[in-house]
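Heads up: the structure comes next, in structure tokens.
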Amino acid sequence: MALLTQAPKGTQDFLPDVTPKLQYLESTLLQTANLFGFVEQRTPTFEHTELFVRSVGDTTDVVQKEMYTFEDKKGRSITLKPEGTAGALRSALEHGLLNGALPVKVAYLTPCFRYEKQQAGRYREFHQFGVEMLGAGSPAADAEVISLVCQCLDALGVGDISLEINSIGCPKCRPRFHEALRQYFSQYKDKLCPTCLERLEKNPLRILDCKDPSCHEIAKNAPVVLDYLCDECGDHFTGLKKRLDAMGITYTVNPTIVRGLDYYTKTVFEFISNKIGAQGTVCGGGRYDGLVEVMGGQPTPGIGFAMGIERLLMVMEANGAPFPPQVTCDLYIATMGEEASVKASQLAADLRSEGFYAETDTVGRSLKAQMKYADKIGAKYTLVLGENELRENRAQIKNMKTGALIDASLDQVVDKLYEAVLESSYIEIAESQTLEFKE
């Protein structure tokens with residue numbers, strides 16, 4: 001029976017006190033992305049498994065250990081998406097987006113699934129906001145995408161965030177670096193974890209990202225990728241730094257950033273919060289110039305990022321970032337008797353059609369209990385309907401904050417409430433301006 005009333009491990013419910021924060025967060029991210037020309041794209045929650053094996057890389061922890069993969073009723077291998085980029089690119093290829101004007105700029109909000117150890121801000125079902133820019137291979141594109149992250153965080157009031165950047169080279173220069181890593185880490189085979197022993201031959205770059213204490217300590221003195229960049233990658237990285245400097249974006253070059261997925265090339269970056277402990281990465285991204293070709297398309301440069309919504313919410317709360325005030329009831333209509341209840345339903349419908357949040361009794365409470373409920377939900381105004389009000393076609397709208405009463409015919413409730421709300425807004429603005437002037 002407990003399974004019926006308990007969410008699966010690694011998942012969570014977002015309750016009504018949290019969902020308004022998420023709606024604000026998500027709408028702010030999409031609106032900010034729109035300022036940069038990124039338009040929302042929605043892709044399926046699951047894809048063919050081969051898409052992720054091909055794009056993410058069969059040597060990654062995501063593919064080897066973390067994907068939720070199953071066979072459908074016809075024996076086809078299906079995987080719940082572990083990240084957003086592969087699906088976004090598959091969609092762009094399938095629907096010919098790359099045949100139009102370039103660059104293609106898409107943004108997405110999507111659920112993702114990874115079977116991994118649950119930690120603070122890390123879940124098995126989580127949500128990502130991300131963008132992908134396809135068809136732009138210059139450092140200017142990298143700087144624009146990084147600038148978008150900065151503006152998103154600024155719009156959300158998130159501070160105490162640091163940007164770290166790196167270049168991991170390209171297929172031309174990375175083999176030399178891989179060989180240098182193999183030679184270095186081969187000296188410590190007896191100290192590497194079993195996973196990194198496998199990585200040593202398949203993808204030694206991934207050892208730099210290992211969280212095992214022994215591997216992490218060994219990696220501190222490993223060769224630095226920036227020493228192995230070809231001229232093209234070196235010039236690209238220099239161009240990015242020049243643009244970030246020109247835009248006033250502060251950054252640190254961190255040569256240990258490698259990202260967790262195989263498709264990255266050249267620029268990689270992370271935004272890290274100092275407010276939420278060890279799991280402080282809020283946003284990660286980078287360039288993936290070979291991925292579209294790997295997926296069957298023409299060679300097309302690309303860059304993007306993803307940020308975890310759950311972790312971003314944690315950072316906002318830790319920073320004391322402002323959220324919009326919770327929406328509360330504009331008018332609660334309390335009733336006495338069946339006829340009054342019918343009239344209240346009609347009035348509530350009229351109010352809602354004009355954009356007001358209106359409530360009336362639906363559970364058969366007494367008048368006293370209705371007024372307690374109105375107070376509990378924070379109703380700004382109340383109106384009581386009984387036999388007298390129906391007979392005289394009049395009622396009083398009460399301001400629950402000041403106690404002031406507004407007399408209105410039942411045909412004028414919408415207009416009178418609108419006037420009252422407008423007047424109250426003017427008073428609040430005037431009071432806030434007076435307070436600011438005094439300060």
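If residue 351 meets every condition in (1) touching a residue at least 40 places away in the same chain (Cβ under 8 Å); (2) touching a Ser or Thr at 6+ places or on another chain (Cβ under 6 Å) apart from one, which number is that one?
(2)
Is it the case, given these coordinates, that residue 87 is part of a loop (DSSP other than H, G, I, E, B), modelled with pLDDT of 95 or more and more than 30 Å from residue 194 (Cα to Cα)? Step through it out loud before you land on a result.
Numbers: part of a loop (DSSP other than H, G, I, E, B): no; modelled with pLDDT of 95 or more: yes; more than 30 Å from residue 194 (Cα to Cα): yes.
Criteria not met by residue 87.
Test of understanding: among 310, 293, 317, which residue is among the acidic types (Asp, Glu) and either within 17 Å of residue 104 (Cα to Cα) or touching a Cys at 6+ places or on another chain (Cβ under 7 Å) (or both)?
Values: 310 fails: either within 17 Å of residue 104 (Cα to Cα) or touching a Cys at 6+ places or on another chain (Cβ under 7 Å) (or both); 317 fails: either within 17 Å of residue 104 (Cα to Cα) or touching a Cys at 6+ places or on another chain (Cβ under 7 Å) (or both).
One residue alone meets the criteria, 293.
Looking at this structure, is residue 169 in the same structural domain as residue 32 (by TED's automatic domain parsing), surrounded by fewer than 19 Cβ atoms within 10 Å (Cβ to Cβ) and not in a helix (DSSP H, G or I)?
On the way: in the same structural domain as residue 32 (by TED's automatic domain parsing): yes; surrounded by fewer than 19 Cβ atoms within 10 Å (Cβ to Cβ): no; not in a helix (DSSP H, G or I): yes.
Criteria not met by residue 169.
Output the residues belonging to the stretch 346-361 that are of a type outside the set (A, V, I, L, M, F, W, C) and farther than 16 Å from residue 382 by Cβ. Steps first, please.
Filtering the stretch 346-361 down to residues of a type outside the set (A, V, I, L, M, F, W, C) leaves 346, 350, 352-355, 357, 359-361.
Answer for the stretch 346-361, where residues must be of a type outside the set (A, V, I, L, M, F, W, C) and farther than 16 Å from residue 382 by Cβ: 346, 350, 352, 353, 354, 355.
When you scan the stretch 219-247, how many residues do you find that are aliphatic (A, V, I, L, M), surrounded by 14 or more Cβ atoms within 10 Å (Cβ to Cβ) and in a helix (DSSP H, G or I)?
Residues that pass the stated criteria total 5.
Residue 343 passes all but one of (1) within 20 Å of residue 326 (Cα to Cα); (2) of a type outside the set (Gly, Ala, Ser); (3) surrounded by 15 or more Cβ atoms within 10 Å (Cβ to Cβ); which number fails?
(1)
Which of (1) in contact (Cβ under 8 Å) with a residue 40 or more places away in the chain; (2) over 23 Å from residue 264 (Cα atoms); (3) in contact with a Ser or Thr (Cβ under 6 Å, 6 or more places away or on another chain) does residue 91 not meet, given it meets every other one?
(2)
Mind checking which residues of the stretch 91-113 are surrounded by fewer than 22 Cβ atoms within 10 Å (Cβ to Cβ) and part of a helix (DSSP H, G or I)?
91, 93, 94, 97, 98, 99
Pick from 267, 250: which is farther than 22 Å from residue 302 by Cβ, under 24 Å from the mean Cα position of the chain (by Cα) and not in a helix (DSSP H, G or I)?
Among 267, 250, only 250 is farther than 22 Å from residue 302 by Cβ, under 24 Å from the mean Cα position of the chain (by Cα) and not in a helix (DSSP H, G or I).
Would you say residue 77 is touching a Phe, Trp or Tyr at 6+ places or on another chain (Cβ under 9 Å), touching a residue at least 12 places away in the same chain (Cβ under 8 Å) and surrounded by 20 or more Cβ atoms within 10 Å (Cβ to Cβ)? Talk me through it step by step, then tell me what you get.
Details: touching a Phe, Trp or Tyr at 6+ places or on another chain (Cβ under 9 Å): yes; touching a residue at least 12 places away in the same chain (Cβ under 8 Å): yes; surrounded by 20 or more Cβ atoms within 10 Å (Cβ to Cβ): no.
When the stated conditions are applied, residue 77 does not pass them.
Any residue at all in the stretch 270-279 that's more than 30 Å from the chain's Cα centre (by Cα), closer than 25 Å to residue 57 by Cβ and not in a loop (DSSP other than H, G, I, E, B)?
Our first condition is that a residue be more than 30 Å from the chain's Cα centre (by Cα); within the stretch 270-279, this holds for none.
Checking the stretch 270-279: not a single residue is more than 30 Å from the chain's Cα centre (by Cα), closer than 25 Å to residue 57 by Cβ and not in a loop (DSSP other than H, G, I, E, B).
Per-residue answers, yes or no, for (1) touching a Lys or Arg at 6+ places or on another chain (Cβ under 7 Å); (2) surrounded by fewer than 18 Cβ atoms within 10 Å (Cβ to Cβ); (3) not in a strand (DSSP E or B):
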{"residue": "115", "(1), (2), (3)": "yes, yes, yes"}
{"residue": "177", "(1), (2), (3)": "no, no, yes"}
{"residue": "190", "(1), (2), (3)": "no, yes, yes"}
{"residue": "205", "(1), (2), (3)": "no, no, yes"}
{"residue": "217", "(1), (2), (3)": "no, yes, yes"}
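So which residues in the stretch 165-223 are within 17 Å of residue 255 (Cα to Cα), out of contact with any Ser or Thr (no Cβ under 8 Å at 6 or more places or on another chain) and of a type in the set (Ser, Thr, Tyr)?
184
Among the residues of the stretch 126-136, is there at least one that is assigned to a strand (DSSP E or B), under 24 Å from the mean Cα position of the chain (by Cα) and either among the polar types (S, T, N, Q) or not assigned by TED's automatic domain parsing to the domain that holds residue 287 (or both)?
As a first pass, look at the stretch 126-136 and keep what is assigned to a strand (DSSP E or B): 126-134.
Keeping just the survivors that are under 24 Å from the mean Cα position of the chain (by Cα) gives 126-134.
Among the residues that remain, those that are also either among the polar types (S, T, N, Q) or not assigned by TED's automatic domain parsing to the domain that holds residue 287 (or both) are: 128.
Among the residues of the stretch 126-136, at least one is assigned to a strand (DSSP E or B), under 24 Å from the mean Cα position of the chain (by Cα) and either among the polar types (S, T, N, Q) or not assigned by TED's automatic domain parsing to the domain that holds residue 287 (or both), which makes the answer yes.
In the stretch 192-203, what residues are part of a loop (DSSP other than H, G, I, E, B) and not aliphatic (A, V, I, L, M)? Explain how you work it out, then say what you get.
If we filter the stretch 192-203 for residues that are part of a loop (DSSP other than H, G, I, E, B), which is where we start, we get 192-193, 203.
Selection gives 193, 203.
Given (1) closer than 26 Å to residue 84 by Cβ; (2) assigned by TED's automatic domain parsing to the domain that holds residue 311; (3) out of contact with any Pro (no Cβ under 7 Å at 6 or more places or on another chain), identify the lone condition not met by residue 240.
(3)
The values are calculated or read from the model by the stated rules, or taken from the named source; none is laboratory data. The structure presented is a predicted model; accordingly, all values stated were derived computationally and were not measured. Positions of Cβ are generated from backbone atoms using ideal geometry, with glycine treated the same way; all protein chains shown enter the neighbour counts.
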